[in-house]
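Notes follow once the structure below has been shown.
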Amino acid sequence: MFLWGKGSRKCEFSVSNSVTCFERRRSVGIVLISLAENAFRPLTPIEVNDSLPSFPPINPPVRILMGPGPSDIHPSVSAAMAAPTVGHLDPYFLKVMDEVQTMLREVFQTSNKMTMAISGTGSAGMECCVVNLIEPGDRMIACQNGVFGGRMADVAERAGADLLKLERPFGEVFSVEEIATAIEKHKPKVIGIVHAETSTGALQPLEEISKVVHDAGALLLVDCVTSLGGLPVEIDKIGIDAAYSGSQKCLGCPPGLSPVTFGPRALEAMDARTHKVASWYLDIGMLRNYWGADRAYHHTAPINMNYGLHQALRLVLEEGLVARFARHQLHHSALKAGLAAMGISYSVADPNCSLPMLNSVWIPEGVDDVAVRKQLLNEFGIEIGGGLGPMKGKTWRIGLMGEAASKSNVLLFLAALEQCLAAQGKIPEPGAGVASANKRYLET
Ligand SMILES: Cc1ncc(COP(=O)(O)O)c(C=O)c1O
């Protein structure tokens, strides 16, 4: 550490903080270290404003992210994000964009040309899809069985849609029949639905729904924020017309980008618009000129976020979609077995519709939600989520997304939870959760 002093205050220049980009992260090993050239630049005197408080450098705790997202990041993704920034029209970056698009098509299982990463989180992708498909007065059905279906409805209303909100209680999914009846009544242009409702842990089957939507000549818009990369999202096979996701869930990248894809029917509807898209930033008509052959400047893409997504997608495809989906399923089933042995049950109404990557469970009677989550975080470094909306205080949401879907996380979590329950006076049978999960692993 170098010290450079002036007056009563000292400026600190710490070699370890400036030079070391990554520290040892759990069992993954050491990732080295890009040397910032100016780390050893001669120090020159600078004026210090003594009235300013001193701000320590960023030094976050290393967590095990087993909540509803963001999820754990592979060190190679963080390393990619620390690579030198180039210009947003640099030939190198244009190649990165092309490759991100190609890999996203693989992960979305689509040949849709209009597939890209919107600059912004999953909510930006949601907004992008809705405002590009909806013109003021267009009819839309938004299916709401959790927080995120409700958000889609809100976005549609703001975009001027003539909206029908189709509702189901939290934790339930929609039947084909009720969607068919709503379509018959409302005759919508767009039906929006959430594939993996992160607020409830419910998986919405889509295949049959897609048929009734298309028989009625409508467009199917799907929220795949939590499912993409952890469950099959078969855009072309199912016939999904537009979909959006987020970088920070099963794709294993930090939050900041929202993959979207638009099929031919969606593009046709956009081409037939008579009003300008309500959002300048999210106008696909302009964005396609930046992500497409023209490369016309639209906005300064977050270069290093795209590096991160590029590496995250490489890892997804290297593992293989089928193997990745099986991995999510395996750790979900081990966790479920462990929780069952501790007397903890899932909150999704139909057990066949439990998401593998988001395990929503009832908090046992008499257990303090916040105290348990605090103890998990403070003693074990494990983050899980609490319930949202009507589930607040009633459920825990345990994420097994991307990198976080691992044997070590499941076994550690079950052992840690046992400690937390014991601290609440709810002594489970010692080791029952871990033993059941282990048994499940040993069967495979
Ligand atoms: C299903 C679903 N849709 C949309 C969003 C919004 O995404 P973001 O928070 O990245 O804006 C989330 C975030 O958790 C989500 O789980």
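Under 8 Å between Cβ atoms, at least 6 apart or on separate chains: pull out the pairs that start in the stretch 367-395 with a residue that is part of a helix (DSSP H, G or I) and end on any residue that is surrounded by 14 or more Cβ atoms within 10 Å (Cβ to Cβ) and of a type in the set (Val, Ile, Thr).
Asp369/Ile363; Val372/Ile363; Arg373/Ile384; Leu376/Ile382; Leu376/Ile384; Phe380/Ile64; Gly389/Val147; Met391/Thr200
Can you spot a residue in the stretch 261-271 that is within 16 Å of the ligand (Cβ to nearest atom) and under 19 Å from the mean Cα position of the chain (by Cα)? Reasoning before the result, please.
Step one: of the stretch 261-271, the residues within 16 Å of the ligand (Cβ to nearest atom) are 261.
Those still in the list that are under 19 Å from the mean Cα position of the chain (by Cα) too: 261.
Taking every residue of the stretch 261-271 in turn, at least one turns out to be within 16 Å of the ligand (Cβ to nearest atom) and under 19 Å from the mean Cα position of the chain (by Cα).
Among (1) exposed (fewer than 13 other Cβ atoms within 10 Å of the Cβ); (2) under 30 Å from Gly239 (Cα atoms), there is one condition Val100 misses while meeting the rest; what is its number?
Only one criterion is unmet by Val100, namely (1).
Is at least one residue of the stretch 240-258 closer than 30 Å to Met401 by Cβ, assigned by TED's automatic domain parsing to the domain that holds Met140, outside any loop (DSSP other than H, G, I, E, B) and not small (Gly, Ala, Ser)?
Taking the stretch 240-258 and keeping what is closer than 30 Å to Met401 by Cβ, we get 240-258.
Filter once more, keeping what is assigned by TED's automatic domain parsing to the domain that holds Met140: 240-258.
Within this subset, residues satisfying the condition of being outside any loop (DSSP other than H, G, I, E, B) are 242-244, 257-258.
If we keep only those that are not small (Gly, Ala, Ser) as well, we get 244, 257.
Taking every residue of the stretch 240-258 in turn, at least one turns out to be closer than 30 Å to Met401 by Cβ, assigned by TED's automatic domain parsing to the domain that holds Met140, outside any loop (DSSP other than H, G, I, E, B) and not small (Gly, Ala, Ser).
Filter the stretch 350-389 down to the residues that are over 18 Å from Leu421 (Cα atoms) and touching a Pro at 6+ places or on another chain (Cβ under 8 Å), then identify the one that is surrounded by the most Cβ atoms within 10 Å (Cβ to Cβ).
Among them, the one singled out is Leu358.
Going by the structure shown, is Glu184 more than 16 Å from the ligand (Cβ to nearest atom), among the acidic types (Asp, Glu) and modelled with pLDDT of 95 or more?
Working: more than 16 Å from the ligand (Cβ to nearest atom): yes; among the acidic types (Asp, Glu): yes; modelled with pLDDT of 95 or more: yes.
Yes.
Under the condition of being over 13 Å from the mean Cα position of the chain (by Cα) and closer than 19 Å to Gly69 by Cα, which residue from the stretch 118-130 is nearest to the ligand (Cβ to nearest atom)? Explain how you work it out, then say what you get.
First pass over the stretch 118-130, keeping only residues over 13 Å from the mean Cα position of the chain (by Cα): 118-119, 127-130.
So of that shortlist, the ones also closer than 19 Å to Gly69 by Cα come out as 118-119.
Working: Ile118: 11, Ser119: 12 Å.
Selected residue: Ile118.
Which of the residues belonging to the stretch 105-126 are surrounded by 24 or more Cβ atoms within 10 Å (Cβ to Cβ) and part of a helix (DSSP H, G or I)?
Val107, Gly122, Gly125, Met126
How about the stretch 233-260: which of its residues are out of contact with any helix residue (DSSP H, G or I) (no Cβ under 6 Å at 6 or more places or on another chain) and away from the ligand (no atom under 16 Å from the Cβ)?
Glu234, Asp236, Lys237
Of (1) in a strand (DSSP E or B); (2) surrounded by fewer than 23 Cβ atoms within 10 Å (Cβ to Cβ), Glu172 satisfies all except one. Which?
(1)
So which of Ala117, Ala124, Ala182 is assigned by TED's automatic domain parsing to the domain that holds Ile240 and more than 30 Å from Gly292 (Cα to Cα)? First the steps, then the outcome.
On the way: Ala117 fails: more than 30 Å from Gly292 (Cα to Cα); Ala124 fails: more than 30 Å from Gly292 (Cα to Cα).
Every option except Ala182 fails the conditions.
Conditions: (1) within 15 Å of the ligand (Cβ to nearest atom); (2) not in a loop (DSSP other than H, G, I, E, B). Val225 meets all but one. Number of the miss?
Checking Val225 against (1) within 15 Å of the ligand (Cβ to nearest atom); (2) not in a loop (DSSP other than H, G, I, E, B), the one that fails is (2).
From (1) within 16 Å of the ligand (Cβ to nearest atom); (2) at pLDDT below 95, pick out the condition that doesn't hold for Ala278.
(1)
Condition check ((1) among the polar types (S, T, N, Q); (2) modelled with pLDDT under 95; (3) within 17 Å of Ser279 (Cβ to Cβ); (4) within 12 Å of the ligand (Cβ to nearest atom)) across all residues:
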| site | (1), (2), (3), (4) |
| --- | --- |
| Met140 | no, no, yes, no |
| Asn145 | yes, no, no, yes |
| Arg151 | no, no, yes, yes |
| Ala161 | no, no, yes, no |
| Lys165 | no, no, no, no |
| Glu172 | no, no, no, no |
| Val176 | no, no, no, no |
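The values are calculated or read from the model by the stated rules, or taken from the named source; none is laboratory data. Treat the numbers as computed from the prediction; the structure is a model and nothing was measured. In this analysis, Cβ positions are derived from the backbone assuming ideal geometry, glycine residues included, and neighbour counts consider all displayed protein chains.
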